[in-house]
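S.K.: Pasting a structure here, questions to come.
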Amino acid sequence: MSVRTPRIAVLGAGIGGLTAAATLLRQGFDVDVYEQATTLREAGVGLHLGSNGSRILHRLGLAAGLDAVAVRPAALEVRGFDDGRVFARQPMGAAWADEHGAPYYTVQRSDLLGLLAGLVPERHLHLGRRCTGFAEDADGVRLSFERGPAAEADVLIGADGVHSVVRRAVAGPETPVSSGSVAYRGVVPFDALPGLARDTMFVWLGPSSRLLGYPVAGGRLLTFVSIVPEDGDGEAESWSAYGDARAVARALTGWEPDVRRIVSAIDAVGRWVLRDRAPLERWSTARTTLLGDAAHPMLPHHGQGANQAIEDAAALALCLGQEPRGPGWPEAALRRYEQVRRPHTTRVQLGSRGGGSLRLHAPEPARVPCSTPLPRPAAPRGDGLGSMVEDVGWIQSYDVEAALTGA
């Protein structure tokens, strides 16, 4: 008598959702991905793909694809906002890959999404399917959509982002807390930035703001992220909201010539109000779980949002695949997934509040509770670079698949 292949529904076709689909398909599951957008798309800005994320994508066969579209930065430079003086320089490139076991990339989100989409056959992708709710019982999960027929699955994975339908059902209502900061994001062509190295990440430090810049698209574009004190009240939290380039220019008035050239080259800018949330006490029910921003939205100061989603996806696929099929599956698999991932992502999430690039402003940043707004940056310092690298080193070296398999 044949045993039916378990059906897995993934809600959300972002980086975490597509990585989950790709890894689950490799485990032999029947996977359907439901995405509310009518096309696969990501914001046209960049992200940091750390060693902890790239090692998983290399194992999925994406090493050549990443080398074609991404950049392996040679170094990270910390500069003063007014004169461009280099406070510190951290070598990366091959040295970073040797130390952490896999390369560090900077990559455009849309390029990474395209690579991941290539791992998931079109028949498994269902676009224009906005989920309005779901019901779970002992036999499975039934999903309802704004358009189209209902769907059924043995397991539901909520990879539907910070405003997740699944998260609300699992965790209940929440009140996000302001971090006190806003991030303006965009890309500019390197051709408009003569003299600025195309293989280097930059951090310019100001008294109350900072600007991060790094190469993407094979070095043709520079992604910038300007983090400034929040200047609005009651704004909606959105990853893809549009901003005003003039606000970036005002925040960076009087900064050094390379920064002014970046500002002058801005065509469009996104605005991301940085809000924080307390780590959840649980992610899962008997047949439903969360991953990525739906499970652990975090501030961007460690550059780990996408990487943690990729780790979640790999861990979840392994847990579902390794757990013996029987009356206790999938609940036992989801329990193991949460036991492995939740302590780790909680540590990363809490560390991002006062670590990473915030280290560059003060040698001993405050570690604040979720209910307390983050301190605004102090006077610029370069000697925090060592602490910043130390902050992320343990994260970059972590191999979630080895942790689960004992390899």
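The values are calculated or read from the model by the stated rules, or taken from the named source; none is laboratory data. These figures come from a predicted structure and were not determined experimentally. Methodologically, a virtual Cβ is constructed for each residue, glycine included, from the backbone with ideal geometry; neighbour enumeration extends over all protein chains shown. Surface areas here come from the heavy atoms of the whole protein model, side chains and all, with no ligands, DNA or RNA. Shrake-Rupley method; radii C 1.70, N 1.55, O 1.52, S 1.80 Å.
S.K.: Taking the residues in region 77-107 that are over 17 Å from GLY219 (Cβ atoms) and part of a loop (DSSP other than H, G, I, E, B) as candidates, determine which candidate is nearest to the chain's Cα centre (by Cα).
M.R.: Among those that are over 17 Å from GLY219 (Cβ atoms) and part of a loop (DSSP other than H, G, I, E, B), it is ALA102.
S.K.: Could you tell me whether GLY140 is touching a strand residue (DSSP E or B) at 6+ places or on another chain (Cβ under 7 Å) and without any contact (Cβ under 8 Å) to a residue 40 or more places away in the chain?
M.R.: So GLY140 does not fit the description; no.
S.K.: While we're looking at this one, here's another question. For the structure I just gave you, tell me whether VAL248 is buried (at least 18 other Cβ atoms within 10 Å of the Cβ), farther than 30 Å from ARG59 by Cβ and free of Cβ contacts under 8 Å to residues at least 24 places away in the same chain.
M.R.: Answer is no for this residue.
S.K.: Just one of GLU323, GLU338 is touching a Pro at 6+ places or on another chain (Cβ under 8 Å), of a type in the set (D, E, K, R), open to solvent by 20 Å² or more (accessible area, probe 1.4 Å) and modelled with pLDDT of 60 or more; which is it?
M.R.: After ruling out the rest, the residue left standing is GLU323.
S.K.: Further question on the same structure: I need the full set of residues from region 270-297 which are at pLDDT 90 or above, part of a loop (DSSP other than H, G, I, E, B) and open to solvent by 10 Å² or more (accessible area, probe 1.4 Å), in order please.
M.R.: Scanning region 270-297 gives PRO279, LEU280, GLU281, ARG282, SER284, THR285, ALA286, ARG287, PRO297.
S.K.: If I ask for residues that are buried (at least 22 other Cβ atoms within 10 Å of the Cβ) and among the β-branched types (Val, Ile, Thr), which ones from region 169-184 would you list?
M.R.: Passing the criteria: only VAL182.
S.K.: Can you find, within region 119-163, the residue that is surrounded by the fewest Cβ atoms within 10 Å (Cβ to Cβ) among those that are closer than 24 Å to ILE56 by Cβ and among the β-branched types (Val, Ile, Thr)?
M.R.: VAL162
S.K.: If you check ARG26 against the conditions, is it of a type in the set (D, E, K, R) and within 19 Å of the chain's Cα centre (by Cα)?
M.R.: no
S.K.: Across region 252-269, which residue is farthest from TYR184 (Cα to Cα) among those that are open to solvent by 20 Å² or more (accessible area, probe 1.4 Å) and in a loop (DSSP other than H, G, I, E, B)?
M.R.: Selected residue: GLY254.
S.K.: Can you pull out every residue in region 204-217 that is modelled with pLDDT of 95 or more and either surrounded by fewer than 21 Cβ atoms within 10 Å (Cβ to Cβ) or in contact with a Ser or Thr (Cβ under 8 Å, 6 or more places away or on another chain) (or both)?
M.R.: Within region 204-217, LEU211, LEU212, GLY213, TYR214, PRO215, VAL216 qualify.
S.K.: Now for a different question. I'd like the full set of residues that are open to solvent by less than 10 Å² (accessible area, probe 1.4 Å) and either touching a Cys at 6+ places or on another chain (Cβ under 7 Å) or assigned to a strand (DSSP E or B) (or both), limited to region 185-198.
M.R.: GLY186, VAL188 - these are the residues of region 185-198 that are open to solvent by less than 10 Å² (accessible area, probe 1.4 Å) and either touching a Cys at 6+ places or on another chain (Cβ under 7 Å) or assigned to a strand (DSSP E or B) (or both).
S.K.: Quick check on ALA315: is it out of contact with any Lys or Arg (no Cβ under 7 Å at 6 or more places or on another chain) and either open to solvent by less than 30 Å² (accessible area, probe 1.4 Å) or β-branched (Val, Ile, Thr) (or both)?
M.R.: no
S.K.: Mind listing whichever residues of region 218-227 are touching a residue at least 40 places away in the same chain (Cβ under 8 Å), more than 12 Å from TRP204 (Cβ to Cβ) and open to solvent by 10 Å² or more (accessible area, probe 1.4 Å)?
M.R.: Within region 218-227, GLY218, LEU221 meet the criteria.
S.K.: Follow-up question, since we're still on this one. Restricting to region 173-202, and then to whatever is at pLDDT below 95 and of a type in the set (A, V, I, L, M, F, W, C), can you tell me which residue is farthest from ALA217 (Cα to Cα)?
M.R.: Once the filter is applied, the top-ranked residue is VAL177.
S.K.: Return the residue satisfying two criteria in turn: it lies in region 84-108 and is modelled with pLDDT of 95 or more, open to solvent by 20 Å² or more (accessible area, probe 1.4 Å) and touching a Leu at 6+ places or on another chain (Cβ under 9 Å), and of such residues it is nearest to TYR214 (Cα to Cα).
M.R.: This residue is GLN108.
S.K.: Of the conditions (1) buried (at least 18 other Cβ atoms within 10 Å of the Cβ); (2) more than 19 Å from the chain's Cα centre (by Cα); (3) among the aliphatic types (A, V, I, L, M), VAL166 clears all except one; give me its number.
M.R.: (2)
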